[in-house]
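This report refers to the structure that appears directly beneath it.
The values are calculated or read from the model by the stated rules, or taken from the named source; none is laboratory data. Because the structure is predicted, anything quoted here is derived from the model rather than measured. FYI the Cβ positions are ideal-geometry reconstructions off the backbone, even for glycines, and counts take in every protein chain you see.
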């Protein structure tokens, strides 16, 4: 441990044995404590004493990307009801509380803005498959800007914010007894043009109805922050969902290809995954979680969300 200008630099070396395998997972972890935050990174190496093989996992990453243990990246969410916004607050984590990848959290995700691949327990069956999946996402972000999940989430957040503003204005109009003409001139004239630019149409008379059977081409958007829903029409949204689905399936397919390629080179990172059914057991569980998450955000009258197929 090293202390400089009220910043604490921590580093440690961990070795964990993969379940039902000779593979040893070596983690060289760095952690910087400052103010109420911490910044972590790790260097991952796989060693098989039996075959004398060694794999530096950094070689699989896009330029400037690094790994980080999930347990060293903890946050809490705070909802500001007045500003109608969601704040993400980092929680400081000391490296002394981390004991290596074994028995750590199951979280695996990619952070494109900070160029990190965050990982959980790599010793369990499916751990390296999940890691390769997130590495695939990193390569997707390098070559396909604003594609898939990030593009969908950006659109969703922008849309729910705009719809919440219109809904609040609609309530104000009812309280002040504005005429339809006044509401159109004061609120909808500008908002409708902005929604049109986004590829979205709404009927302001019914778009906030909670209970309604959706007509063809209609989609219900659930605002998970404000616990409200809105009815819209948008072909662009359907395309964004389709891209999201394709991005996830492509990343899993690429992860499998990388694992098979490494096996041919004598490095088996998933010795417990032998058959297609073994891989599907891991992948479909994750795809199902994506599907359930998306179903909490949107409901379509025509297109059903199907990540796993």
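Data overview
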| item | result |
| --- | --- |
| Residue match in the range 246-254 (condition: surrounded by 13 or more Cβ atoms within 10 Å (Cβ to Cβ), under 21 Å from the mean Cα position of the chain (by Cα) and modelled with pLDDT under 90) | no |
| The range 249-277, residues that are in a helix (DSSP H, G or I), farther than 30 Å from residue 229 by Cα and touching a residue at least 40 places away in the same chain (Cβ under 8 Å) | 250, 251, 252, 254, 255, 256, 258, 259, 262 |
| Qualifying residue in the range 250-263 (condition: over 30 Å from residue 22 (Cα atoms) and in contact with a strand residue (DSSP E or B) (Cβ under 8 Å, 6 or more places away or on another chain)) | no |
| Strands (runs of 3 or more DSSP E) contained entirely in the range 1-53, each with at least 3 residues that are free of Cβ contacts under 8 Å to residues at least 12 places away in the same chain | 2-4 |
| Among (1) surrounded by 13 or more Cβ atoms within 10 Å (Cβ to Cβ); (2) over 28 Å from residue 242 (Cα atoms); (3) not assigned by TED's automatic domain parsing to the domain that holds residue 274 - the single one residue 96 does not satisfy | (1) |
| All positions within the range 121-153 that are more than 14 Å from the chain's Cα centre (by Cα) and not in a helix (DSSP H, G or I) | 121, 122, 123, 124, 125, 126, 144, 145 |
| Pick from the range 64-85, criterion at pLDDT below 95 and in contact with a helix residue (DSSP H, G or I) (Cβ under 9 Å, 6 or more places away or on another chain), ranking: farthest from residue 140 (Cα to Cα) | 84 |
| For residue 107: the one exception among (1) modelled with pLDDT of 95 or more; (2) touching a strand residue (DSSP E or B) at 6+ places or on another chain (Cβ under 7 Å); (3) closer than 20 Å to residue 25 by Cα | (1) |
| Residues that are modelled with pLDDT of 90 or more, surrounded by 13 or more Cβ atoms within 10 Å (Cβ to Cβ) and outside any strand (DSSP E or B), drawn from the range 296-309 | 297 |
